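Participant: Got a structure for you, written out below as structure tokens; questions coming shortly.
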Amino acid sequence: MRSKLIYVIFAIVVLMAGIVIAILLAEPVANSGGFAHPNFPGMQAGGDGMGRLAHIGTLAFLFQCLLQTLIVCLCALGVAERHRSNELWLYLGGTLIFSVIVWWQMYAGHQAFMQSGNTNYFMGFPVATSWQVYGTWFSAIPLILIYSLGFRKFIFTEEDEEKFNQLMAKQAEKTEQ
Amino acid sequence: MEAYRQQIIIGAVLIYMIFCVLTGLWAMKRTKNASDFFIAGRGLGPIVVSLALFSSTLSGFGFVGGPGLVYSIGVSSFWMVVISSSGYALGFFLVAKRIRMIADLHNCISLPDIVAARYKSEAVRFLMAITIVLGVMGYLATQILAMAVVMQAIMSGTVMFADISLVTCVVISSTVLIFYCVTGGIIASVYTDVVQGAIMMIAGSLILLTAMSVFDGGMQEATSIILADDGEAMMPFGAAGIMASLGWFFVFGLGLAGQPHLVTKMMMNKKIGDNRSILPMSLFGYIMAALLWISIGVIMRAAVIDGMVPPLALPDDAASVFLSVFTNPLLAGIVFAGLFAAIMSTSDAFLNIGTAAIIHDIPKAIRGHSVKNELFWARVVTVLLAIVAASFALYSHFRDATLVAILGAFGWATFAASIFPVLAIGLNWKGATALGAVTAIVSALIINFVVQLAGIVLPYGISGGLVSFLTSFVLFIAVSLLTQKPELDEDMEAVMDI
């Protein structure tokens, strides 16, 4: 996987750049980045949500899916190749699925609100926004757990520590000479 | 108690500042050489590093600009906050272990030292140092100005200091900052960060509780008021739209691992194994403190729409108006101390890395060695850098506001675009080359400068930061793949295998 992972990362970033270019070239929509609130100076309003997503909704959805994948791949890149076991990939894959589900629920919740104009609330926020606030925060918690709980298994094993100590000892010898 | 509101607030801020001065004096005894001054001799425990790391992440922007952004654009700005779990995870997966190992092996005391060792290139060191100095000037100037503006607002509420000038406030706040940074270097900086972090966490959680009691129906009533006024503002992409939001996710999430003042702190812990506890503790602290960002912004937008509070003159007034209208004086005192803590904890980190770049990295890149008597010159340059930044902030405030805006371009996004690929990818991919690194840094600087200077507004809320980050990322890998694979030193090869 060593030789391939950087190519996967490169492909993802190129695809994301391609999506951004496609969005830049998409049919422009007035006030797509918001507009001044008519009643309250200093506030911006979003206005027509459906119109703002009409030409770029799918592209933006894909952009975020790629970004979630990129984050997981970058975490894998940070793990030494010999520690990138099937177990690690299983955990990282699970994290990716979880984060994509959160993103999909958020996006779908927003779409549903735009169509119906109604929403339920969860812990103080409209459901779609709750997916963003709580879901996005929690969707990366598995990465924190993999790092912290799997530290001695994937990140810095006893063997790694021994190797590093040997390197340091070698360096100290060189300095003394 | 209400009658003494201003006095209580000033008292809280004064106690905090006295603490900073005393910490500087204490840390001075422990600062014996340049390594102590810049990276605390790599001897800090996990709690200290965790608190220092998160408190430096959440600058004055988080306490003033953050709530202002929620007030202004609604939920869009939440994306800068909710990425923290991904951002911290990436920072630790990609940077924390290897930066610490390289720092140990090569006796590095700065980020340019690390990249110079990794790429065996003085050009990369030089460009990294220049990027840091430019960024530090912009960041420091805005932080010092923010500190002075807040201090003026607090002091002018009393009879005795009603006419206090902005210049006086810049002098007072900068003096405290300079004092503890010069005397105690990074040791004073990180230990003040510990208290600063604790204050920020307490302030964040207390503010959330207060915010939830403003409306009878709690947070849900506030969000439903905003939703009824403008549905998009309270939906996941806010008023700024989906691409602005996702762009922030990208730039702030990935970019955390490219912030020099943060990754430098990853070189300071005593043991590499401490990283396993530093990561969750930093994230927890950040989330607690960031509650203030979200809750004040939402409540203030709802309160203005509902007619409970008159419209704000400026969105950045959201936090100060909230504190004066909805909180008791004691809490306001804690939060204002927290605000100074947030500003100072970021400023001291920038002063430190800026000084390292000037006295250590730029001379090393040009002449092959740093200045003699580094500790002495570190103290001198810290003073000079702070004075230049303070003067620059005042000049920009009174004469030419565009100067701060231009250097403001060297904010988070520029650091993210120019440093993330070079550092975070470069430490984990043996195929990364010096030419790839130079290309990434130069392209990031040029794009951010051009977008900022030309005032280019991209469609669909796409930010220049996102464009520059993606470009530098693609160029870094592409150029590295196209150039000859570098021969790494034996020890660097070994570090990258661990």
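Participant: Chain A: percent of C-alpha pairs farther apart than 22 Å?
Facilitator: Above the 22 Å cut-off, chain A has 62 percent of its Cα pairs.
Participant: Please list 3J(HN,Hα) in residue order for segment B:422-430, calculated via the Karplus relation 6.51 cos²θ - 1.76 cosθ + 1.60 where θ = phi - 60°; whole Hz, with x for glycine and proline.
Facilitator: So the J values, rounded to whole Hz, are 5, 8, 5, 7, x, 6, 10, 9, 5.
Participant: If N is the number of residues in segment B:344-489, what value comes out of its Cα radius of gyration divided by 2.2 N^0.38 Å?
Facilitator: 1.22
Participant: Then there's this: For the pair residue A:55/residue B:26, report the inter-label distance in nm, with labels modelled 7 Å from Cα in the Cβ direction.
Facilitator: 6.0 nm
Participant: Now, a different point. For chain B, give the magnitude of the charge dipole about the Cα centre (Cβ charges: +1 Lys/Arg, -1 Asp/Glu; no others), in debye to the nearest 20.
Facilitator: It comes to approximately 1360 debye.
Participant: Moving on to the next point. Whole-Hz ³J(HN,Hα) for each residue in segment A:114-124, computed from phi via Karplus 6.51 cos²θ - 1.76 cosθ + 1.60 with θ = phi - 60°, x for glycine and proline: what do you get?
Facilitator: For segment A:114-124, the Karplus curve yields 5, 6, 9, x, 10, 8, 8, 10, 9, 6, x Hz.
Participant: So if each residue of separation counts as 0.36 nm, and I subtract the Cα-Cα distance between residue B:153 and residue B:306, what length gain in nm does that give?
Facilitator: Answer, rounded to one decimal: 52.5 nm.
Participant: Counting pairs of alpha carbon atoms under 8 Å apart in space and at least six apart in sequence, what relative contact order in percent does segment B:1-155 give?
Facilitator: 23 percent
Participant: Further question: So for B:314, B:427, fewest C-beta neighbours within 10 Å to most, what's the order?
Facilitator: Placing the least packed residue first, the sequence is B:314, B:427.
Participant: Say R0 is 60 Å: what FRET efficiency, to the nearest 0.05, do residue A:170 and residue B:168 get from their beta-carbon distance? Walk me through the numbers on the way to the answer.
Facilitator: Working: r = 56 Å, r/R0 = 0.94.
After rounding, the FRET efficiency stands at 0.60.
Participant: Give me the distance in nm between label points sitting 7 Å out from Cα along the Cα-to-Cβ direction at residue A:153 and residue B:161, one decimal.
Facilitator: 5.5 nm
Participant: Related question: Evaluate peptide B:242-254: per residue, the Cβ atoms of other protein chains within 10 Å of its Cβ; return the mean as an integer.
Facilitator: So the per-residue partner count for this stretch is 5.
Participant: Hey, what number do you get for chain A at 222 nm if only DSSP H runs of n ≥ 4 count, each worth -39500 (n - 2.57), divided across all residues, to the nearest 500?
Facilitator: Values: 7 runs with 113 residues, N = 177.
Computed mean residue ellipticity for chain A: -21000 deg cm²/dmol.
Participant: Dividing the alpha-carbon Rg of segment B:2-397 by 2.2 N^0.38 Å yields what?
Facilitator: In units of the 2.2 N^0.38 Å rule of thumb, it is 0.98.
Participant: While we're looking at this one, here's another question. Per-residue counts of other Cβ atoms within 10 Å, averaged by peptide: what ranking do you get for B:455-466, B:45-56, highest first?
Facilitator: Working: B:455-466: 19.2, B:45-56: 25.0.
Taking the mean over residues of other Cβ atoms within 10 Å, the ranking is B:45-56, B:455-466.
Participant: Computed FRET efficiency, Cβ-Cβ of residue A:62 and residue A:122, R0 22 Å: what is it to the nearest 0.05? Please list the in-between numbers first.
Facilitator: Values: r = 26 Å, r/R0 = 1.20.
Given R0 = 22 Å and the Cβ-Cβ separation, E is 0.25.
Participant: Oh, and also: What lysines sit close enough to residue A:174 to cross-link, taking a C-alpha to C-alpha distance under 28 Å and skipping anything fewer than 8 places away on the same chain?
Facilitator: Once the sequence-local lysines are set aside, what remains near residue A:174 is A:163, B:32, B:97, B:120, B:265, B:270, B:271, B:364, B:372, B:430, B:485.
Participant: Output the relative contact order of chain A, whole-number percent, from Cα pairs under 8 angstrom with separation of 6+ residues.
Facilitator: In percent, rounded to a whole number, it is 19.
Participant: Something else about it: Can you list the equivalent-ellipsoid semi-axes of segment B:27-158, largest first and in whole Å, using the square root of 5 times each Cα gyration tensor eigenvalue?
Facilitator: Ellipsoid semi-axes (Å, largest first): 31, 20, 17.
Participant: Could I have the simple spin-label model distance between residue B:314 and residue B:383, label points 7 Å from Cα toward Cβ, reported in nm to one decimal?
Facilitator: The two pseudo-label positions are separated by 3.2 nm.
Participant: Once phi is turned into θ = phi - 60°, what whole-Hz ³J(HN,Hα) does the Karplus curve with 6.51, -1.76 and 1.60 give for every residue of segment B:308-323, x standing for Gly and Pro?
Facilitator: 6, 10, x, x, 6, 5, 9, x, 5, 7, 3, 5, 5, 5, 4, 5
Participant: Can you tell me the Rg and the Dmax, both Å, for the Cα atoms in segment A:1-58?
Facilitator: Taking only Cα atoms of segment A:1-58, I get Rg and Dmax of 17.5, 57 Å.
Participant: Suppose R0 equals 22 Å. What FRET efficiency, 1/(1 + (r/R0)^6) with r the Cβ-Cβ distance, do residue B:442 and residue B:395 give to the nearest 0.05?
Facilitator: 0.20
Participant: How shielded is B:95-105 by partner chains, expressed as the average number of their Cβ atoms within 10 Å of its Cβ atoms?
Facilitator: Across the residues of B:95-105, the mean count of other-chain Cβ atoms within 10 Å is 3.
Participant: In Å, what is the Rg of the alpha-carbon atoms in segment B:256-412, and how long is Dmax?
Facilitator: 20.3, 64
Participant: Could you work out [θ]222 nm for chain B from helices alone, using -39500 (n - 2.57) per DSSP H run of at least four and dividing by all its residues? Round to the nearest 500 deg cm²/dmol.
Facilitator: Roughly -24000 deg cm²/dmol at 222 nm, from the helical runs in chain B.
Participant: Using a 10 Å cut-off on Cβ to Cβ distances, tally the other chain neighbours for every residue of B:456-462 and report the average as a whole number.
Facilitator: That works out to 6 on average.
Participant: Please report B:262, B:90 as a ranked list, fewest other C-beta atoms within 10 angstrom at the top and most at the bottom.
Facilitator: Listed from fewest to most nearby Cβ atoms, that is B:262, B:90.
Participant: Additional query: Let me have the relative contact order for chain B, percent, based on Cα pairs under 8 Å that are six or more residues apart. Write down the numbers at each step before the final one.
Facilitator: Details: 878 pairs, mean separation 155.2, N = 498.
Once divided by the residue count of chain B, the mean separation gives 31 percent.
Participant: From the mean inverse distance of alpha carbon pairs (Kirkwood) and the Cα radius of gyration, derive Rg over Rh for the protein assembly as shown.
Facilitator: Reported Rg/Rh, Kirkwood definition of Rh: 0.95.
Bear in mind these aren't lab numbers, they're just calculated from the coordinates by the rules spelled out. Owing to the predicted nature of the structure, the values given are computational and were not obtained by experimental measurement. Glycine also receives a Cβ, built like all others from the backbone with ideal geometry; neighbour counts cover every protein chain displayed.
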